[in-house]
Amino acid sequence: MLQQLIADTATGLQQIAEHELPLLQQPADWQSKYRLLMQLGKQLPALPEKMRQTEYLVRGCESRAWLLHYQEPVSGKHYFVLDSEARIVKGLLAIMLCFVNGKTGAELAELDLSRHFDALNLRPYLSQSRGNGLTMMLQRIQSTIKA
Amino acid sequence: MSSFDALAFRQFFPFFNNNPDWVYLDTAATSQKPQQVIDAELAFYQRQNSNVHRGAHQLSQHATAAFEAARDKVQQFLNAASRSEIIFTSGTTAAFNQLAFGLMDTVLKPGDRILISALEHHANIVPWQLHCQSHGVQLDVIPLDPQLMPDLDVYQQLLALKPKIVSLTQVSNALGHILPIGSMLQAAKAAGAITIVDGAQGVSWQVPDVQLWPVDFYCFSGHKLYGPTGIGVLYGKQRYLEQLKPLLGGGEMISDVSFQRSSFAALPARLEAGTPNIAGAIGLAAAIDFIRQFDARQINQYKGELLQQFAAGLSQIPGLRPLTRVEQSAGIVSLQLAGEHPNDLAMLLNEQKIAVRAGSHCAMPLFAALQLPGAVRFAFAPYNLPAEVDVTLQALAAATEILR
């Protein structure tokens, strides 16, 4: 089950990186930007209800989000599956995952996510302390890969 | 139409001149502050600042006089029988923590019951829970009726279990619903209970006359009544306040201290350990002066008109589902967009500079009972204008269009 979700997530993230991320960098009205965010969130698989367990729940968000993790034993690369009840948040989390998924611990330690979000004109969402939960998700990813 | 002049009222609040692009509909979280409240706090620090009740110098005596005058102001505001019945706290939450801690052992014994409603916010739930289990005290909850008000039939049944404490909110923070507090308190008294009212949302709707109301304790926060943050009031009838075990120990609240034991000072000092929020109390007094210039009935009628205008507009936007029954609301409308998480709607409103709150509003058990992930809350105040209602409705229409 997890393997299928990881494969679907990887496919979705590739789609997002190829099609939606370039679109985000183009000027657009705010309505189009949010439509795009919600659309790219849909590229990631939905976490089945039975897998929405408390142990995967990322707290500190106004909406609930979940994170599952798998480390490939040979390459040491980290793979994630995530979901959120809120569609815009899921879109933002999907973008975050584009820069995180399939990386080694060393690569993740070097990651400068704010630079990527700056380039996409999404920096304000990353710095919000609460509410959309991006910060909490990032902390969870960091603590997960260290564990 | 109400004869209340909202535009003139709004002029007292400098926040709006500094934030002309925003529609502020989060007054249930905190209200804006009129200039005279800001001035009062500033003037204290600029001209009078000294600690209270302890300096040998005259400056301290002046500060003490100003601080104690603020207590007198609150006493008049609530019509308390005595100034020693007014305890300054940091807010409603601190007041409830003092109550829950202070009533255990002294009033509440193992096997006793406390009764609250399903509309309570966390401040009237969690402090009880912190102590109930270890003291063997049972917390009962009045469920909701179909109008999302306390089910009064079940209330009567729960009162028959003879709760020692009945603790109710005056106005629901999540829905805005005004509880029939007068008759509920009377029933609680008839059942022999000590009564507590959470006035955090209610005090700006209706100021209690604590000698007329059958209420033993009343708690409210300054910052939801046009006052500063960090100041609140625990009112209690003298004989009940005297039974409270102090939550905080320290300076001010003692009469004699040795390393063996301490004896406590008289009320109100006994429940005010440490240096109080002096400037906050003075700011709260200024807020009371401010709000008493206006006719509360006119203000409430005006807020009702804003709610009616908003509700009429909502019915034109497909998919919106108000949880609040506007006719029983003190100024809040909480709603859902069918099939959508409230967070999405709130983010799209934030983008359009409409300040609202989304989520469970510190009332998670209520939303669990409603089986909803939360709601988007629009909290109207007398400084909001009909034009802002229109802008908000347009923003809602644009947001729902995107989510469709």
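The values are calculated or read from the model by the stated rules, or taken from the named source; none is laboratory data. Everything numeric here is computed off the predicted structure, so don't read it as measured data. Counting neighbours? That spans all protein chains shown, and the Cβs are built from the backbone with ideal geometry, glycine included.
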**OP:** With the condition kept exactly as written, say whether any residue in the stretch B:222-233 is free of Cβ contacts under 8 Å to residues at least 24 places away in the same chain and either within 16 Å of the chain's Cα centre (by Cα) or not in a loop (DSSP other than H, G, I, E, B) (or both).
**Re:** no
Original post:
Of all residues in the stretch B:39-55, which are touching a residue at least 60 places away in the same chain (Cβ under 8 Å) and within 26 Å of the chain's Cα centre (by Cα)?
Top reply: B:D39, B:A40, B:E41, B:F44
**OP:** Tally the residues that are surrounded by fewer than 19 Cβ atoms within 10 Å (Cβ to Cβ) and over 23 Å from B:F220 (Cα atoms), restricting the search to the stretch B:16-29.
**Re:** 7
**OP:** Tally the residues that are within 12 Å of chain B (Cβ to nearest Cβ) and either in a strand (DSSP E or B) or without any contact (Cβ under 8 Å) to a residue 60 or more places away in the chain (or both), restricting the search to the stretch A:35-73.
**Re:** 8
Original post:
Identify, please: which residue in the stretch A:88-98 is touching a Phe, Trp or Tyr at 6+ places or on another chain (Cβ under 9 Å) and more than 10 Å from A:G133 (Cβ to Cβ) and is, among those, farthest from the other protein chains (Cβ to nearest Cβ)?
Top reply: A:L97
Original post:
Quick one: in the stretch B:371-390, which of the residues that are free of Cβ contacts under 8 Å to residues at least 60 places away in the same chain and within 15 Å of B:R321 (Cα to Cα) is farthest from the other protein chains (Cβ to nearest Cβ)?
Top reply: B:Q371
Subject >> Single residue of B:A398, B:A346, B:A358 found to be without any contact (Cβ under 8 Å) to a residue 24 or more places away in the chain, among the hydrophobic types (A, V, I, L, M, F, W, C), out of contact with any Phe, Trp or Tyr (no Cβ under 9 Å at 6 or more places or on another chain) and at the interface with another protein chain (Cβ under 8 Å from one of its Cβ atoms) >> reply: B:A358
Original post:
Which of the residues that make up the stretch B:112-154 are touching a residue at least 24 places away in the same chain (Cβ under 8 Å), in a helix (DSSP H, G or I) and in contact with a Pro (Cβ under 9 Å, 6 or more places away or on another chain)?
Top reply: B:H122, B:H135, B:L152
**OP:** Mind listing just one residue for me: the one in the stretch B:311-343 that is surrounded by fewer than 19 Cβ atoms within 10 Å (Cβ to Cβ) and among the polar types (S, T, N, Q) and, of those, nearest to the other protein chains (Cβ to nearest Cβ)?
**Re:** B:Q316
**OP:** Any chance you could count how many residues in the stretch A:115-129 are surrounded by 13 or more Cβ atoms within 10 Å (Cβ to Cβ), in a helix (DSSP H, G or I) and modelled with pLDDT under 85?
**Re:** 3
Original post:
Do we find a residue being over 30 Å from B:D26 (Cβ atoms) and assigned to a loop (DSSP other than H, G, I, E, B) anywhere in the stretch B:194-210?
Top reply: no
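The rows are residues; the columns are (1) assigned by TED's automatic domain parsing to the domain that holds B:Y218; (2) more than 24 Å from B:Q238 (Cβ to Cβ); (3) surrounded by fewer than 18 Cβ atoms within 10 Å (Cβ to Cβ).
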{"position": "B:G91", "(1), (2), (3)": "yes, no, no"}
{"position": "B:L99", "(1), (2), (3)": "yes, no, no"}
{"position": "B:L103", "(1), (2), (3)": "yes, no, no"}
{"position": "B:S117", "(1), (2), (3)": "yes, yes, no"}
{"position": "B:H122", "(1), (2), (3)": "yes, yes, yes"}
{"position": "B:W128", "(1), (2), (3)": "yes, no, no"}
{"position": "B:V141", "(1), (2), (3)": "yes, yes, no"}
